[in-house]
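The values are calculated or read from the model by the stated rules, or taken from the named source; none is laboratory data. Everything numeric in this text was worked out from a predicted model, so none of it was measured. Every residue, glycine among them, receives a Cβ derived from its backbone with ideal geometry; neighbour counts consider all protein chains shown.
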Amino acid sequence: MLLALYHDFQSGRMAHATLLSGESGIGKKTVARLLAQGLLCRSEGERPCGACRDCRRFLARTHPDALFPAPAPREKTIKIDALREMIDALSRHSLEGGARVVLIENAERMTAQAQNCLLKTLEEAEEGTYFLLTCDQESALLPTIRSRCRCIRMQPWSGERVEKALVEKGVPGDRAKALSLYCEGSLGRALAMQEDASYWQARDTVRRSFLSVSRLADLPAAMQALKDQKDNGDRLLDILEQELRALMRARMLQEQDAADDFPALWQNAPPQAIRAVLEAVFAARKQKNANVGWAALSEGLLQTISEEATKWQV
């Protein structure tokens, strides 16, 4: 789909509205920005050239024919006022005499009123005006918005591609390998994890507690590791789920190299055991939301894990 989009761009047959959707951190904004820049670029060669006056102004967000509806300062949603300003700008002629581009990143942040306001503009867009939208959750947009866009659903990156990109950015090989397993195909997420020291501390806690029990006798040491983690409980459960999902993928795809990154206890865990522990994590999260105490919740989860671990080690 991206290749077809590129061909349409190069041949001047871009749809008047394009929606790029998919997981956070897989490059949607990068693609949308390159397309927007390319539509404004005046280079006779490859576009965007990155060097012409139009490219430089787009990158600085000062190009008069590039519009960026976004949340107001200290706001989380894109409200109708931002769309009205956009419509007012579009009612005038292009200031540079070329294409006009509207780039709406995180389009799912638009309120219902803002989306309805955009809808009418999409229906009546003038030739030479292009709308580029990105979103993580396509279902958060009105069906009528989606139906008026060319929808490109970008896929997560492969683990190998993420690992290679991380190494090229200077991440050590072992760390790049681990990140490629846990980022679920999102380079952006992998980079954020790499820079977050607290993530690695929480991951170490998960491995010293939940992923270290193979029998009931291991529970006291694991409980001690979790003793003062009440305020960090949500993150520990998220990381535990993340690791179990990564292990499940490695086990189902028979990727032994990937499985080898996990604690030795879990490297030979069968899929049904991993699935059972995942279900226990989901149950623990519900208990936490129901205000069950962290000590009781974590002890129950540890007991379930030890019981499952005993089965595949017999």
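List of remarks:
- The residues listed here are Ala125, Ala114; of these, the one that is in a helix (DSSP H, G or I), touching a helix residue (DSSP H, G or I) at 6+ places or on another chain (Cβ under 9 Å), buried (at least 16 other Cβ atoms within 10 Å of the Cβ) and among the hydrophobic types (A, V, I, L, M, F, W, C) is Ala114.
- The residues of the range 50-70 that are touching a helix residue (DSSP H, G or I) at 6+ places or on another chain (Cβ under 6 Å) and not small (Gly, Ala, Ser), listed by number, are Asp54, Cys55, Phe58, His63, Leu67, Pro69.
- Of all residues in the range 38-67, those being in a loop (DSSP other than H, G, I, E, B) and within 15 Å of Tyr130 (Cα to Cα) number 4.
- Being touching a residue at least 24 places away in the same chain (Cβ under 8 Å), closer than 28 Å to Leu141 by Cβ and assigned to a loop (DSSP other than H, G, I, E, B) is a description that applies to Ala70.
- Filtered residues of the range 187-234 (kept if part of a loop (DSSP other than H, G, I, E, B) and within 18 Å of Glu308 (Cα to Cα)): Ser209, Phe210, Leu211, Ser212, Val213, Ser214, Arg215
- Residues of the range 32-47 classified as within 29 Å of Ala192 (Cα to Cα) and either touching a strand residue (DSSP E or B) at 6+ places or on another chain (Cβ under 6 Å) or crowded, with 21+ Cβ neighbours inside 10 Å (or both), total: 5
- Residues in the range 36-72 that are over 14 Å from Leu95 (Cα atoms) and hydroxyl-bearing (Ser, Thr, Tyr): Ser43 only.
- Unique match (being under 25 Å from the mean Cα position of the chain (by Cα) and of a type outside the set (Ser, Thr, Tyr)) among Glu108, Glu96: Glu108
- Being in the same structural domain as Leu39 (by TED's automatic domain parsing), within 17 Å of Gly38 (Cβ to Cβ), modelled with pLDDT of 95 or more and charged (D, E, K, R) is a condition met by no residue of the range 83-97.
- Residue within the range 291-303 that is out of contact with any Lys or Arg (no Cβ under 6 Å at 6 or more places or on another chain), charged (D, E, K, R), part of a helix (DSSP H, G or I) and at pLDDT 90 or above present: yes
- Residues of the range 237-247 satisfying the condition of being surrounded by 17 or more Cβ atoms within 10 Å (Cβ to Cβ) and within 19 Å of the chain's Cα centre (by Cα): Leu237, Ile239, Leu240, Glu241, Gln242, Glu243, Leu244, Ala246
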